[in-house]
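Below is one structure, written out as structure tokens, with a few remarks after it.
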Amino acid sequence: MFNFMNKKPTAQTESPEQKAALDTAVDIVLLGYQVGDSSIAMMVTGLERSGNQLTLDLRLPPESDPETIQKELGQLLQPHGIQTIHMNVRIPAPMKGAGSSLPKAMPKTTNAMNSQSNPGAKTNDNAVNAEPPITKPAPTQASLSAHPRIRHIIVVASGKGGVGKSTTTVNIALALQKLGNRVGVLDADIYGPSMPAMLGVDGVKPELENEQFVPINAHGLAMLSIGSLLGGDNTPVAWRGPKATGALMQLYNQTNWPQLDYLVIDMPPGTGDIQLTLAQRIPVTGAVIVTTPQHIALLDAQKGIEMFNKTNIPVLGVVENMALHTCSNCNHTESIFGTGGGEKIAEQYQVPLLGQLPLASAIRAQVDKGEPSVLVDDDFASYYLRIAKNIETNINKFAKPADDKRIF
């Protein structure tokens, strides 16, 4: 659990180079230590290091032996300078029918290949019907139930940064609202949150009710961002993968979202930990890919589409941003980043081209003021409204069945 409201100062007793080296060593050890068939890094929900002391928040499988894990991790980390490990462990209750014959001790190895295959191992017939949580595969989109108060969850993603993804996200959300929908925005760009500034609520903190966040009302949108929870001192969010993904899940699960037709999630660029966590734990209706016509941007956009295909998240379509630029002095129109890139990638993956957006300084100026184009209904609002209509046309066929039994 992250305490976003109270930031604790950390002791500055090591140089930046020493800190980076030790943090990297910790990451490598955690990634290499196996609990069953999974890296313990996937079970970390919180991580904090102060000098030679490491604190881990862990969610372990029912048959785990925390004492053995703590001892083995200590032996692996001691050569790197970690002298003390504190572990806050949560272990789910075993499923009914789980026998006592399941192994109680974890494999005493950090070798992924050796821990996953042992041809000479004997099979215990009494454990055949037992629930094996340690070897349970990662959740898939098909196994996730829809949020009881959110009809559709749309992620807006890009293979690389700088293609206008966040600007497109905020205007699509406002356009869907303008079409009569109840819309929320979740800023999942943990390392570079920009939704509060773009929606003109920078500095506004969400309220807490019954240990849940209440989304900020931003021009009628229910918005929540890590940027609204941290201080405004320009301190970078220098979190490792497990902590960043834990923050994302806390923002999603620990928020009292109102009844929404759409929750639009602004993703960080790339195909890393946050994207994979979202694919495994948040029921996504579909993804919108933002790219520019430039060849390099298209290469990265392809990787994003491939990732969503492999995680069974439908791609709703492609938005080609910065397609054309019209000179404000002579009205000459030019394709600065090339032509046809969005159409080409949409045709290649047989997904719709949702729309093409111009490269215009007015679009940038409006989000800088916290009043996006759709909100002020400027000359470029119609582009985003057309994209929103195209999303609405096809989204129902991807909707997940409603789940009215979920309890928070």
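The values are calculated or read from the model by the stated rules, or taken from the named source; none is laboratory data. Quick caveat: nothing in here was measured; it's all calculated off a predicted structure. Because the Cβ atoms are built from the backbone with ideal geometry, glycine has one as well, and the counts that use them run over all protein chains shown.
Sort out which residues of segment 6-34 are in a loop (DSSP other than H, G, I, E, B) and modelled with pLDDT of 80 or more, and write them in order of number. Full working, then the answer.
Start the filter on segment 6-34 by keeping residues that are in a loop (DSSP other than H, G, I, E, B), which leaves 6-15, 33.
Residue satisfying the conditions is Tyr33 alone.
Quick check: anything in segment 334-345 polar (S, T, N, Q), within 29 Å of Arg182 (Cβ to Cβ) and in the same structural domain as Met198 (by TED's automatic domain parsing)? No, that holds for no residue. All of Pro148, Pro193 fail the test of being buried (at least 20 other Cβ atoms within 10 Å of the Cβ), assigned to a loop (DSSP other than H, G, I, E, B) and at pLDDT below 95, apart from Pro193.
Mind listing whichever residues of segment 277-287 are touching a Lys or Arg at 6+ places or on another chain (Cβ under 9 Å) and modelled with pLDDT of 90 or more?
Matches in segment 277-287: Pro283, Val284, Thr285.
For segment 256-270, the set of residues classified as of a type outside the set (Asp, Glu) and surrounded by fewer than 19 Cβ atoms within 10 Å (Cβ to Cβ) consists of Asn256, Pro258, Gln259, Gly270, listed by residue number. Just to be sure, is Ala297 surrounded by 15 or more Cβ atoms within 10 Å (Cβ to Cβ) and small (Gly, Ala, Ser)? Yes. Checking the condition surrounded by 21 or more Cβ atoms within 10 Å (Cβ to Cβ), touching a Ser or Thr at 6+ places or on another chain (Cβ under 9 Å) and modelled with pLDDT of 90 or more, which residue from Val183, Val170, Val214 passes? Answer to the check: Val170. Among the residues of segment 246-255, not a single one is crowded, with 20+ Cβ neighbours inside 10 Å, in a loop (DSSP other than H, G, I, E, B), assigned by TED's automatic domain parsing to the domain that holds Ile387 and in contact (Cβ under 8 Å) with a residue 40 or more places away in the chain. Those strands (runs of 3 or more DSSP E) of segment 260-332 in which at least 1 residues are among the polar types (S, T, N, Q), considering only elements entirely within it, cover 286-291.
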